[in-house]
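Remarks on the structure that follows.
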Amino acid sequence: MEILNKRFLFIALDVLLAVYLGFSMTSLNNEVNDEEICSEVNITISDNQKEGFLCAEDIKTLLIREHIYPKDMRLADVNPRKVEEILKKNPYVNDAECSKTKKGKVNIIVEQRAPVVHVMSENGEDYYVDELDSIMPVSNYTSNLLIATGNITKWYAQNYVALLCQHINNDELWRDQIEQVNILPDKDVELVPRVGDHIVKIGRMPEYNNKEKRAQEVEKFLTNKLNRLDKFYRYGLSQAGWNKYTYINLEFDNQIICKKNRKEAITAFVEQPQAEEATAQESKKQDSKQETKKQDAKRQEPKKQDAKKQDTKKQENKKQDTKKKENKKQG
């Protein structure tokens with residue numbers, strides 16, 4: 001037993017020594033010469049946006065202004081942590097990493113914040129809300145962003161409008177179709193599409209104090225409303241015409257109310273079952289009517305034939321009577 005313990009101890013020591021030597025060799029290979037002059041600065045903007053708030057030149061300008069741009073500095077004087085801290089103070093930067101490498105190079109990786117909506121509230125406030133529900137200042141950002149207007153406070157924008165816009169942005173159909181959301185004074189939501197001369201009202205989003213519960217219920221609410229709108233687009237407007245109605249109200253369950261304009265009375269009322277089911281039922285009704293007509297026609301066919309026979313007999317009788325009368329006259 002004692003021999004086995006000694007063998008185990010020797011094996012463990014050998015493994016630790018190998019790990020230590022490997023780590024030491026790696027450190028030596030990657031060791032940076034602090035006396036070397038920084039000859040190159042590589043700046044990478046890491047995000048999923050086609051067009052962003054920042055470019056490499058913006059980062060360079062910011063670091064030059066703060067007198068910490070690494071180019072032509074001794075590597076010993078380059079402080080990666082300070083570079084990261086300066087960059088993270090920028091309102092459009094979510095995260096930043098800076099590192100020194102061999103051969104006098106400094107790498108800087110910047111992750112931008114990703115806005116989901118541009119809020120232009122009726123109280124005059126103008127700002128972005130990002131994917132983390134944080135407020136961002138307005139810039140010359142050029143990518144297509146959803147615009148939110150109406151009765152919106154910053155709290156409501158962060159807790160409800162952001163959820164609404166993230167849901168829209170995550171769906172390819174609605175991301176392409178909806179360009180604006182409007183919040184009414186009673187918190188009812190209106191959607192403004194790119195295609196069609198109409199506005200869609202979906203009602204008020206469910207409200208909860210618990211953040212997770214709020215996110216779940218708002219997701220269910222939006223999924224239900226937009227699925228109904230999708231079916232109405234497919235089976236309603238596709239036949240009636242995209243510009244027939246100017247206001248489509250999906251606020252209430254089991255019905256869609258359409259108006260030609262907001263001042264007019266209701267001009268169209270679409271009840272559930274949902275559009276494709278209603279279309280199927282209508283098709284069945286038409287088939288049933290056609291089948292009934294065919295059966296009625298079959299039932300009427302013998303009667304028609306009898307009527308023809310009777311007409312033929314009458315005509316023959318008339319002919320015979322006429323002949324008899326002519327024979328009498330001749331006699």
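FYI, it's all coordinate maths here, none of it is from the lab. Because the structure is a prediction, the values reported are computed rather than measured. Virtual Cβ from ideal backbone geometry, glycine too; neighbours counted across all protein chains shown.
Please tell me which of these pairs span more than 31 angstrom C-alpha to C-alpha: LYS187/LYS260; LYS220/LYS260; LYS82/LYS211?
Details: LYS187/LYS260 23 Å; LYS220/LYS260 29 Å; LYS82/LYS211 35 Å.
From LYS187/LYS260; LYS220/LYS260; LYS82/LYS211, over 31 Å: LYS82/LYS211.
For region 68-203, with only Lys/Arg (+1) and Asp/Glu (-1) charged at the beta-carbon, what is the dipole magnitude about the Cα centre, in debye rounded to 20? If you can, show how the numbers build up before the last one.
Numbers: 16 positive and 21 negative charges, 231 e Å.
That gives a dipole near 1100 debye.
Placing +1 at every Lys and Arg Cβ and -1 at every Asp and Glu Cβ, with all other atoms neutral, what dipole size does region 180-222 have around its Cα centre, in debye to the nearest 20?
On the way: 8 positive and 8 negative charges, 25 e Å.
Value, rounded to 20: 120 debye.
Nearest 20 debye, what's the magnitude of the dipole of region 56-111 about its Cα centre given +1 on Lys and Arg Cβ and -1 on Asp and Glu Cβ?
Around 340 debye, computed over region 56-111.
Mind listing the phi-derived Karplus ³J(HN,Hα) values for region 189-206, rounded to whole Hz, using 6.51, -1.76 and 1.60 with θ = phi - 60°, and x for any glycine or proline?
Coupling constants for region 189-206: 9, 10, 10, 10, x, 7, 9, x, 8, 8, 10, 10, 9, 10, x, 9, 5, x Hz.
Nearest 0.05, what FRET efficiency do LEU132 and GLU219 give at R0 = 25 Å with Cβ-Cβ as r?
On the way: r = 17 Å, r/R0 = 0.69.
Computed FRET efficiency for LEU132 and GLU219: 0.90.
Evaluate the distance, in nm, between pseudo-label points positioned 7 Å from the Cα of LYS244 and of ASP171 along their respective Cα→Cβ axes.
2.2 nm
5 Å is the cut-off here: which amide hydrogens, built 1.01 Å from N in the peptide plane, fall below it relative to LYS260, excluding neighbours closer than 5 in sequence?
For LYS260, whose amide H was placed from the backbone, the distant partners under 5 Å are THR246, THR267.
So between LYS103 and GLU57, what do we pick up on full extension, going 0.36 nm a residue minus the alpha carbon distance? Working shown, then result.
Numbers: separation 46, 0.36 × 46 = 16.56 nm, distance 2.28 nm.
Net length gain for the segment: 14.3 nm.
So what J values fall out for region 147-161 if you push phi through Karplus, 6.51 cos²θ - 1.76 cosθ + 1.60 with θ = phi - 60°, rounded to Hz, Gly and Pro as x?
Result, ordered by residue: 10, 10, 10, x, 7, 10, 8, 4, 4, 5, 5, 6, 9, 10, 4 Hz.
Of the options ALA240, LEU191, GLN216, report the single residue whose Cα projects farthest towards the positive end of the charge dipole of region 180-244 (beta-carbon charges: Lys, Arg +1; Asp, Glu -1).
Positive-end residue among those listed: ALA240.
Taking amide H positions as placed in the peptide plane 1.01 Å from N, state which residues far from GLY150 in sequence (5 or more) or on other chains have amide H under 5 Å from it.
Amide H neighbours of GLY150: GLU122, ILE183.
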